[in-house]
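Novice: Got a structure here, written out as structure tokens. Questions coming.
The values are calculated or read from the model by the stated rules, or taken from the named source; none is laboratory data. Since the structure is predicted, the reported quantities are computational estimates derived from the model, not experimental observations. Please note: Cβ atoms are built from the backbone with ideal geometry, for glycine as well, and neighbour counts cover all protein chains shown.
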Amino acid sequence: MQKLTAKEEEIMSHFWEKGALFVRELIDFYTDKKPHFNTLSTIVRGL
């Protein structure tokens, strides 16, 4: 089993806490520098 990257772990922590989320909802969790929609979408698709 492959280990998650730091970014993947960060994203998964939001899913584990909140359950099902849309990518737009994930973006709202970032306060400082918000990642681009496509970047998050690509990472989520890989999970």
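Novice: Restricting to the chain, name every residue that is among the basic types (Lys, Arg) and either touching a residue at least 24 places away in the same chain (Cβ under 8 Å) or surrounded by 12 or more Cβ atoms within 10 Å (Cβ to Cβ) (or both).
Specialist: LYS7, LYS34
Novice: Does MET1 count as among the aliphatic types (A, V, I, L, M) and at pLDDT below 95? Explain how you work it out, then say what you get.
Specialist: Numbers: among the aliphatic types (A, V, I, L, M): yes; at pLDDT below 95: yes.
Yes; evaluated as a whole, the condition is true for this residue.
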